[in-house]
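Since the structure comes first, as structure tokens, the remarks are kept for the end.
The values are calculated or read from the model by the stated rules, or taken from the named source; none is laboratory data. Remember, it's a predicted structure, so these values are computed and weren't measured experimentally. We place every Cβ from the backbone using ideal geometry, glycine too, and count neighbours over all the protein chains shown.
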Amino acid sequence: ACSEDPGAASGSAADTAEYQAVAEKAMEPVTEFTGPTEGPAAQPGKKVVFLTCGFEAEGCNLPGKAAAEAGKALGWDVKVVDGKFDPRVYSRTIQEAIDDGADGIILDAVSASSVKGQVKAARDAGLVVGSYDSLNEVSESGVSYDVQASIEDQGKAMAAYMIWKTEGATNAYVLNSPEFNAPYAWTEVAQKEIESCSSCELVDSQDFTAGDAATRLPQLAVTAARKDPNLNVMIASYDAAMLAAIPSMKQAGILDQVKVGTFNGVSPALDLIRKGDLAASVGGAMEWGTWAAMDNMNRMLAGEEAVEQNVPIRLITAENIDSIEPGGPWTGDIDYAAEYQKIWDAK
Amino acid sequence: MSQVPSTAGHQPIRIENVSKTFGATKALRNVSLEVAPGSIHALIGLNGSGKSTLVKVMDGYHSADEGTVSMGEVAFVHQDLGLLPSLTVLENFVIGRPMAMRFGQIDWKTEAKRARNALAEFGLENTLDQQLASLSLANQAIIACARALDRSRGAAIDSLVLDEPTSALPSHEIGLLADAMKAFAARGVGIVFITHRLQEVKDLADTVTVLRNGESVFTGPTADLAIPDMVQLMVGDAPVHTTHEARAAVRTAEPVLSIRALHDDTIDDLDLDIYGGEIVGAFGMVGSGLERLGALAAGREIARAGTVEFEGRPLTAGDARARRIGYVPSDRPRRGVLPGLTVRENISVRSLARTIRAGGISRRREQALAARWTEELSVKPRDPEASILTLSGGNQQKAILGRWLAIEPAAIVAEEPTQGIDVWAKQDILRRLRMTAETGAGVLLTAVEPEEIIDFCDRVVVLRAGRVVLDARREDVVITDILSAMH
Amino acid sequence: MTTSSTRSETTDVSTASTAVPPAHRLRAILPRFGMVGLFILLLVVFSILRPVSFANSANLRTILVESAVLTILALAVMIPLIANDFDLSVASVLGLASILAAGLPAKQGLPVPVVIVAVLAVGAVVGLLHALLIVKFDLPSVVVSLGTSTVLGGIVLWYTGGAVLYEGVPAALTNLGSKSFLGLPLPVYYMIVVAAVLWFVLERRPWGRNLYAVGSSEVAARLAGVNTARTRATALIACSTLAALAGLVLTARVGSGNPSISNAYFLPAFAAAFLSLAAFRLGFFNPLGVVLSVYLLAVGVNGLTILGVPSWVEPVFNGTALIVAIGLARLSIGKSRRLVGA
Amino acid sequence: MTTSSTRSETTDVSTASTAVPPAHRLRAILPRFGMVGLFILLLVVFSILRPVSFANSANLRTILVESAVLTILALAVMIPLIANDFDLSVASVLGLASILAAGLPAKQGLPVPVVIVAVLAVGAVVGLLHALLIVKFDLPSVVVSLGTSTVLGGIVLWYTGGAVLYEGVPAALTNLGSKSFLGLPLPVYYMIVVAAVLWFVLERRPWGRNLYAVGSSEVAARLAGVNTARTRATALIACSTLAALAGLVLTARVGSGNPSISNAYFLPAFAAAFLSLAAFRLGFFNPLGVVLSVYLLAVGVNGLTILGVPSWVEPVFNGTALIVAIGLARLSIGKSRRLVGA
Ligand SMILES: Nc1ncnc2c1ncn2[C@@H]1O[C@H](COP(=O)(O)OP(=O)(O)OP(=O)(O)O)[C@@H](O)[C@H]1O
Ligand SMILES: Nc1ncnc2c1ncn2[C@@H]1O[C@H](COP(=O)(O)OP(=O)(O)OP(=O)(O)O)[C@@H](O)[C@H]1O
Ligand SMILES: O[C@@H]1[C@H](O)[C@H](O)CO[C@H]1O
Ligand SMILES: [Mg+2]
Ligand SMILES: [Mg+2]
């Protein structure tokens, strides 16, 4: 690409200012609970299967743990399943849930279209099929509801921060994971945002799968930067994807050249931000989101409609990392659990 | 059993003045041979006399330089039977030929009936479902013959040619095969069989042909020949009683190897002592126990019962001491050579410890060692880096012997030490073994053909039916004593 | 070759003398059905422990259908194994086939019948290539198929860009995977047909005899008049074609094509094939044994899951079962024959 | 069987007559270094095409270090292969070792030196188990190691719950993977030491010769007085222990333990081991050949990536290289010997 020519046009202070504004807004802590305040009490004795994309991705492992806790709070029999990124495991799990007479299933980062048949079968069998962090279409034969932190806000926040920090001279390399709807959408938004910045350039983008995270991505990330000395930004669909790549990049001395940004705000990503190895991670309050998905499950099992849960997001960077408790993910800054507990305990 | 009426329509085998040369070797010199339908014709001769070549010419493996071969449908059973150990007898029977089909599947009923008929005359009709490997070698050989015949059902078979069909068989099983051959002959099938067992010739054949150096030196009724006569014919004018170069065998007081009450597959209560400094030649036919003796005496295998004492202490399974006993197996290609490795590696495999310098094998010393023994045993080509498989059998044989001479062994057990080795190399090797003996090592040589090595032994023993039936100082016996003790 | 034949040789001799008394005969028959016994035992135990959740037709149906694809693949692996050829590429062929089954209609807009033919053809071509390299050029099957496997993985990556294909997989195709007949989903029938046909050609047709003959000793088989080259070649082709069929069924069932699916199938397919050494024809790879093996493991895993054991128990169960089974096979056939040769 | 001997005999004979002229000698030597030539060629070509981005010390350093772990693992695979034993579990051992290296300090709070010893011990124990099952009980190595591999996978799942272990990997450990000496990261040195030691014991110690002898013909080696059982056993133990070392280095380098990392190492490790058949000692597995193979592929892939070829080219390149290499090996050693036996 034109990357070989030295000085890419740099944006003026004016337009980076608005990017800065967007970023700084997204960096502010969450102050109040934006979710629903009333709803049906916990439906007793429900059996729910929480199917995660795979424990190996911290962004699925974390919701899995949260689902178990929410289950306890609801007094439900919740089974959390490691999907191993394998559609066969997905479909077998759904099938077993049906056979086992479960009341509901929640897909976490699992695309309903990759298991159309089973999802339809589940709906036909009268199960509620919820969807969290999976960006699934709600329909008769598809999922019953979909909980998702704002795609737009997350993508924009990432792009804005990078453009700001590179003074509008962003040369970005994007790692997309088409395997997962939500992360793909986040990077897509970020990508559009960068392309819309006149002084920025999208150098290249590559697709990858969860299986590549620990194997192909380290090499790929390093060579991508080597290939193009002007590269200064790398954005990947989700934290877990880059966790193994960053040590390699660091050793190759590439982190001095390239700012890495990812999504989810899971604990190991935050540690990397503290070390200065990761520039930014946009969190979608994953535990909160999981509780929200469980709340909608409870509503539908009570025969009510699912509601918008307004799961918050936050851009986490060196600037605001100190405001977050070490040793854990970004939780949403406030006690969301207590809020849902209130609803569920109500008589 | 001479011509039976039923032989009408069967064609005889007629071989006229066939000659075959391999480079320098005149394998066959205008050999003529006629085999009448229903007759059993024995073909005998020393190793390398041309028997197999004649067979190979008949089945077209070789084409004759001169002469003509005319024969009808002939079935061949080669030394290896071409059977499949892990399949059943029935499967072996049908494999490799068009099978009877019914409703698109193998018609096992018909095939079984066919096989049963073919095997009935040998009382093997009930083995159809057994795994071949579970049958005795004799029965396997019979099945190979029956199969060969059965194959040519279509064009009624005229003759059956068997190359050393009995050599793999323990003596007590040969009877079965003999009866089988008689049965075929009774059907009017002409039979040619090659053997080294002269008693078989007497028992089975009506006609015998003796080959010597590729020449047919006798053809006639078996009745006209006594076993010693056959031996005489095979050996030729070479004096049967060669004068033995007198030698003061300096024998150690205590035996190096001392075998006591040994019992195993073909071995039945065998005792034998081998002293340091002497060369013992053990002879016997296949099945006499000879083929087991070597591995047991060398401590490579442990007998079912009885002991082999080495330097006063019994050898146990995996006994490290056994590595000071050299062992040259008769089955050179499979059990002797390390295929794919170089001559150097084949020779040095047991001597590496002594080539170590500064903690590592010194290439220089190893090459020196290999070079020395290729020289001493005149291995051709003189190239230690050549792959062992590019050497002729005899040269491979020399290299393997070198492997053991190189470790200055306490004892050497060599099976068929001269197999495939030409007469000069033979002198080298045996002289080498003598030198080793003179260093105080005990040497045990085993051979099916006494002529090969007898003159280099201090003591000869003969095995029959698994025990020692003759044990004498070399000078006290003549070769015919040994041959008759063997048969 | 030399090694393997050496071993078998020495044993003929050793076993030659041992006769076979009828009592011993029985003891030789029984082990063949040990695995059937174990299978039934598992069914009974789980049915007692979980009469509702395990022993209900729905669950058993799930077990049947969920393992149909694996069974077809394991049967494919088994074929060349009989002749001591390893095809390490089956899982990748399944992967490519599954991707094409999803992509050809969606991306290239081909009609389903054409897609089916095309996918099977691709499998056959891979098999043909294997035959050429392994049989004609005498290259080791492990290495060749490892190579082709890697290349096929690359082709999948190229075709999918690493993304799961699920848009536009036509109902005409997914119906073939989801519709039922007499209460059983179609894939179960495909599996049954494949197993039955294989059993027939291996047990009842000359080709099968020849294949086992080659496995017993290629040289001896050739001497006996078997066209060993053609036999091995057809085995390799059949293997790849069946693997493609498995991929086709997978996509029809799941309704999507996943670029990294093959990993999940590689080891289980071989495990089931090897397990068959311990069932019915002891020491021989055999189709019924393969089917039994797959379902033995499937029932075990399903039952354990329903009992609520954690998921790590599954691989531990599978691996242990494999080792125990091969150990029993060795015990019952004795040290005589080598069980697997490459 | 006598057959195959006659055959080998006849082949001897046929070749026996042909003397060895020096010209022919040269033609026999050259192919050994074909792969070195190809390696250099690749380096040159990429340096010309991408003088800046490829041919800079930083990039070459990356290539060196990123493949160090794979090299150690491939060397491990190679050892039992020399004696015709397949250890399919190496990748799983690497996986377990890597997980333990991350988990033992983090979860159990063990000090790093203890962790290192413990992890290597685990490897050795797996090897011991293999020796017992494969050598003592005479079970096929492919099946046994497939079984243990599956079980080890289960243990990893049990220990990690399927999640990646990030927290609490001590700096004392990660330093061993990230610190540099004379400009080269430590893992490179580990790899070099392992390769050098292996080269020495295989080429310069009797043990190595015995191992090759067993590979050439176990029976003949045993009759020649080689303790074949002990030789095979030690080879299997060395293999697993080295695989554990590889896992240790991996964690030290990446700073986390990934439960499914083994998938990624399984095939590449075997590919490199097989490729060594085509370098230096043609037709023999050899350590220098393994190292060269890994880096030949690594350079090819790195160069291609820098040229900007799409990622699917990588596996296609690897697979093709493997097949071509084994083909050349066959061409240059002739049909006489089999290249791989199991
Ligand atoms: N293909 C060949 N090339 C060269 N020489 C050969 C070949 N076949 C046989 N010979 C030689 O011809 C001679 C006769 O060999 P042949 O195998 O016929 O002997 P034989 O009588 O069968 O011996 P044995 O009793 O050991 O079987 C031997 O000197 C042998 O070396
Ligand atoms: N299977 C066979 N088919 C045809 N001929 C054979 C066969 N085996 C051996 N020969 C021939 O038999 C002869 C003896 O075999 P051997 O391997 O001993 O070679 P050789 O001539 O004795 O070599 P040297 O005497 O130099 O050791 C050889 O000339 C060989 O050509
Ligand atoms: O957010 C989740 C997690 O990041 C997971 O790792 C991949 O799927 C995404 O949807
Ligand atoms: Mg002969
Ligand atoms: Mg000779």
Selection count where residues are assigned to a loop (DSSP other than H, G, I, E, B), within 8 Å of chain D (Cβ to nearest Cβ) and over 28 Å from the mean Cα position of the chain (by Cα), scope the range B:360-393: 1
Breaking point among (1) of a type outside the set (A, V, I, L, M); (2) out of contact with any helix residue (DSSP H, G or I) (no Cβ under 9 Å at 6 or more places or on another chain); (3) closer than 22 Å to A:GLY327 by Cα, for A:ARG299: (3)
Subset tally (residues that are more than 15 Å from A:ALA292 (Cα to Cα) and either more than 14 Å from chain D (Cβ to nearest Cβ) or surrounded by fewer than 20 Cβ atoms within 10 Å (Cβ to Cβ) (or both)) for the range A:44-64: 5
Unique match (being away from every other protein chain (no Cβ under 12 Å), buried (at least 24 other Cβ atoms within 10 Å of the Cβ), touching a Leu at 6+ places or on another chain (Cβ under 9 Å) and not basic (Lys, Arg)) among D:PRO105, D:PRO80: D:PRO80
Matching residues in the range C:210-250 - criterion: being more than 19 Å from C:PHE200 (Cα to Cα) and β-branched (Val, Ile, Thr): C:VAL219, C:VAL226, C:THR228, C:VAL249
Selection count where residues are closer than 16 Å to B:ILE429 by Cβ and of a type in the set (D, E, K, R), scope the range B:374-388: 3
Residues within the range D:315-338 that are more than 7 Å from chain C (Cβ to nearest Cβ), within 23 Å of D:PHE266 (Cβ to Cβ) and buried (at least 18 other Cβ atoms within 10 Å of the Cβ), tallied: 4
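It is to be established whether one or more residues within the range B:362-377 are within 16 Å of ligand 5 (Cβ to nearest atom) and either buried (at least 19 other Cβ atoms within 10 Å of the Cβ) or modelled with pLDDT under 95 (or both).
yes
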Scope the range A:82-105; condition among the hydrophobic types (A, V, I, L, M, F, W, C) and either surrounded by fewer than 23 Cβ atoms within 10 Å (Cβ to Cβ) or within 13 Å of ligand 3 (Cβ to nearest atom) (or both); matching residues: A:PHE85, A:VAL89, A:ILE98, A:ALA102
In the range B:262-298, the residues that are within 14 Å of another protein chain (Cβ to nearest Cβ), assigned to a loop (DSSP other than H, G, I, E, B) and touching a strand residue (DSSP E or B) at 6+ places or on another chain (Cβ under 6 Å): B:GLY289, B:ALA298
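Condition check ((1) among the aliphatic types (A, V, I, L, M); (2) part of a strand (DSSP E or B)) across all residues:
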{"site": "A:PHE85", "(1), (2)": "no, no"}
{"site": "A:GLU96", "(1), (2)": "no, no"}
{"site": "A:SER113", "(1), (2)": "no, no"}
{"site": "A:LYS116", "(1), (2)": "no, no"}
{"site": "A:ALA121", "(1), (2)": "yes, no"}
{"site": "A:LEU135", "(1), (2)": "yes, no"}
{"site": "A:GLU140", "(1), (2)": "no, no"}
{"site": "A:GLY155", "(1), (2)": "no, no"}
{"site": "A:LEU175", "(1), (2)": "yes, yes"}
Selection count where residues are at pLDDT 90 or above, facing chain D (nearest Cβ under 7 Å) and in a loop (DSSP other than H, G, I, E, B), scope the range B:338-359: 4
Pair list, Cβ under 6 Å, 6 or more apart: the range D:240-253 residue of a type in the set (Lys, Arg), other residue assigned to a helix (DSSP H, G or I) and surrounded by 24 or more Cβ atoms within 10 Å (Cβ to Cβ): D:ARG253/D:GLY177; D:ARG253/D:PRO187
The lone exception for D:ALA102 - which of (1) modelled with pLDDT under 95; (2) of a type outside the set (D, E, K, R); (3) touching a Ser or Thr at 6+ places or on another chain (Cβ under 8 Å) it fails: (1)
Residue check for B:GLY306: facing chain D (nearest Cβ under 7 Å) and either touching a strand residue (DSSP E or B) at 6+ places or on another chain (Cβ under 8 Å) or at negative phi (or both): no
Helices (runs of 4 or more DSSP H) wholly inside the range A:240-347 containing at least 1 residues that are modelled with pLDDT of 95 or more: A:267-275, A:286-301, A:336-345
Subset tally (residues that are in contact with a strand residue (DSSP E or B) (Cβ under 7 Å, 6 or more places away or on another chain) and of a type in the set (Gly, Ala, Ser)) for the range D:212-261: 2
Some residue of the range B:45-66 being in contact with a Ser or Thr (Cβ under 8 Å, 6 or more places away or on another chain), away from ligand 2 (no atom under 13 Å from the Cβ) and over 17 Å from B:GLU215 (Cβ atoms): no
Some residue of the range A:144-164 being within 14 Å of chain C (Cβ to nearest Cβ) and not aromatic (Phe, Trp, Tyr): no
Of residues in the range A:176-192 being modelled with pLDDT of 95 or more and crowded, with 24+ Cβ neighbours inside 10 Å, the one nearest to A:ALA240 (Cα to Cα): A:PRO183
D:PHE270 being more than 13 Å from D:PHE39 (Cβ to Cβ), surrounded by 24 or more Cβ atoms within 10 Å (Cβ to Cβ) and more than 9 Å from every other protein chain (Cβ to nearest Cβ): no
Any chance C:GLY95 is buried (at least 24 other Cβ atoms within 10 Å of the Cβ) and out of contact with any strand residue (DSSP E or B) (no Cβ under 6 Å at 6 or more places or on another chain): yes
D:SER145 vs. criteria in a helix (DSSP H, G or I), under 23 Å from D:GLU66 (Cα atoms) and among the polar types (S, T, N, Q): no
Test: D:SER256 is touching a residue at least 24 places away in the same chain (Cβ under 8 Å), more than 8 Å from every other protein chain (Cβ to nearest Cβ), in contact with a Leu (Cβ under 7 Å, 6 or more places away or on another chain) and farther than 25 Å from D:ALA55 by Cα: no
Flag if B:LEU177 is buried (at least 21 other Cβ atoms within 10 Å of the Cβ) and not in a strand (DSSP E or B): yes
